[in-house]
Amino acid sequence: MKPRIIVTGANGRLGAALVREWRAAGLNVTGFGRNELDLASGAAITERLNSEDFAALVNCAAQTNVDRCETEIDEAFTLNAEAPTIIADACRRKGARMIHISTDYVFDGAKDGAYTEDDPAIPISIYGASKRAGESGVLAATEGKALVARVSWVFGPDRPSFVDQIVKNAMEKDEVAAIADKVAVPTYTLDAAAMLKPFLFENHASGLLHLCNAGSCTWQEYGQWALDCAAEAGAALKARSVAPLKMADLKAFIARRPPNTAMSTARLTTLTGIHPRPWRDAVREYIAGRIQASKTSAQ
Ligand SMILES: NC(=O)c1ccc[n+]([C@@H]2O[C@H](COP(=O)([O-])OP(=O)(O)OC[C@H]3O[C@@H](n4cnc5c(N)ncnc54)[C@H](OP(=O)(O)O)[C@@H]3O)[C@@H](O)[C@H]2O)c1
């Protein structure tokens, strides 16, 4: 029997992709959604995980609504800090590998250039602070043995994100806009699945790891490239260019967002030899696949 891997947050954008891709690669993966493992109850987490046999657990479950975290502070820390720490403790007691997914929002975004794992994490939002507390809790509970993988601007087929929304808007409206004064790196869930796989059993690296595609961009550049790729794939767009917005103009934002969270993946390359592909290549492949699928389903 192959060693069993549990993926939490299995109905989410990243978790669903890890379950599908790793199963397709022949791994023995069980996905836990909210019904199987509710992060809100620490006692239930311990009871459930104690009763399960597994060799590795990847925690993708989280409160990912950055603005909600600003008002639901207790909930944010329960789901993003306490629950992962309890999960990590259960993994340590079982001798199971733990990989915990974290975020670029642990940074304040003031750096000029790409963040490395050695840069200090100074969160400027409750979401960022709760995720940072989760990183520390997981590492403490596993005596430093867990791997904490920080991803950013996650996109993929299992749950719509910014790229899907901007293409949809451009098909329906004459004008679209996106923020031009915030920089990060998109992370394609299918690439993340491939890049994380060696860390399950072969590579026992621990501590912090930045995991995203290569390069960096503003939201406006990201959106513009998505529209360019959609047009190339034959999508009927009403809007062809993305107008710039300033973060300060977006009144709907409650939480502060870090202006620059580009992350360096040099440690990933050192550990695995993997060079993540440029974010533009990943977005092109994703958008082309989505447009083709929608044309096929419309026939
Ligand atoms: N999305 C991004 O751009 C981004 C950027 C940086 C870091 N990350 C990190 O990447 C990881 C995966 O995020 P994602 O993009 O896949 O987000 P997502 O689609 O929102 O997935 C998060 C999952 O967590 C689950 N969840 C929420 N509350 C829960 C609870 N009380 N008990 C159990 N499960 C619960 C959600 O369940 P439901 O499906 O039932 O709601 C959802 O399936 C997270 O750690 C996130 O912090 C994401």
Name every residue in region 122-146 that is touching a residue at least 40 places away in the same chain (Cβ under 8 Å), part of a loop (DSSP other than H, G, I, E, B) and within 13 Å of the ligand (Cβ to nearest atom), in order of residue number.
-> S125
How many residues does region 249-279 contain that are surrounded by fewer than 19 Cβ atoms within 10 Å (Cβ to Cβ), part of a helix (DSSP H, G or I) and in contact (Cβ under 8 Å) with a residue 40 or more places away in the chain?
-> 4
For the subset of region 65-101 comprising residues that are part of a strand (DSSP E or B) and more than 9 Å from the ligand (Cβ to nearest atom), which member is surrounded by the most Cβ atoms within 10 Å (Cβ to Cβ)?
-> M98
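Let me confirm something: among L18, L27, L57, L14, which residue is touching a strand residue (DSSP E or B) at 6+ places or on another chain (Cβ under 7 Å), crowded, with 20+ Cβ neighbours inside 10 Å and over 26 Å from F162 (Cβ atoms)?
Details: L18 fails: over 26 Å from F162 (Cβ atoms); L27 fails: crowded, with 20+ Cβ neighbours inside 10 Å; L14 fails: over 26 Å from F162 (Cβ atoms).
Going through L18, L27, L57, L14 in turn, just one is touching a strand residue (DSSP E or B) at 6+ places or on another chain (Cβ under 7 Å), crowded, with 20+ Cβ neighbours inside 10 Å and over 26 Å from F162 (Cβ atoms): L57.
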Residue count, region 1-20, condition within 15 Å of the ligand (Cβ to nearest atom) and in a loop (DSSP other than H, G, I, E, B), comes to 4
Selection count where residues are surrounded by 23 or more Cβ atoms within 10 Å (Cβ to Cβ) and closer than 26 Å to G26 by Cα, scope region 197-230 = 5
Could you grab the pairs with beta carbons closer than 8 Å, sequence gap of 6+ or different chains, first residue in region 1-18 and polar (S, T, N, Q), second one within 9 Å of the ligand (Cβ to nearest atom) and assigned to a helix (DSSP H, G or I)?
-> T8/G15
Which of the residues belonging to region 133-168 are under 30 Å from I291 (Cα atoms) and among the acidic types (D, E)?
-> D158, D164
Residue check, A149 within 13 Å of the ligand (Cβ to nearest atom), touching a helix residue (DSSP H, G or I) at 6+ places or on another chain (Cβ under 9 Å) and in a helix (DSSP H, G or I) = no
Report, by residue number, each residue of region 21-64 that is without any contact (Cβ under 8 Å) to a residue 40 or more places away in the chain and within 13 Å of the ligand (Cβ to nearest atom).
-> G31, F32, G33, R34, N35, E36, L37, D38, S41, A44, R48
Could you check, for region 280-297, whether at least one of its residues is surrounded by 17 or more Cβ atoms within 10 Å (Cβ to Cβ), at negative phi and part of a loop (DSSP other than H, G, I, E, B)?
-> no
Which residues, counting only those in region 32-57, are within 21 Å of K145 (Cβ to Cβ) and of a type in the set (S, T, N, Q)?
-> T46, N50
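Say whether the condition of being in a loop (DSSP other than H, G, I, E, B), modelled with pLDDT of 95 or more, within 13 Å of the ligand (Cβ to nearest atom) and not polar (S, T, N, Q) is met by at least one residue in region 159-171.
From region 159-171, those in a loop (DSSP other than H, G, I, E, B) are 159-161; that's our starting set.
Keeping just the survivors that are modelled with pLDDT of 95 or more gives 159-161.
Okay, now just the ones that are also within 13 Å of the ligand (Cβ to nearest atom), so 159-161.
Restricting the remaining residues to those that are not polar (S, T, N, Q) gives 159-160.
Yes, region 159-171 contains at least one residue that is in a loop (DSSP other than H, G, I, E, B), modelled with pLDDT of 95 or more, within 13 Å of the ligand (Cβ to nearest atom) and not polar (S, T, N, Q).
The values are calculated or read from the model by the stated rules, or taken from the named source; none is laboratory data. Predicted model, so just to flag it, every value in this text is computed and none were measured. Cβ: placed from backbone, ideal geometry, glycine included. Neighbour counts: every protein chain shown.
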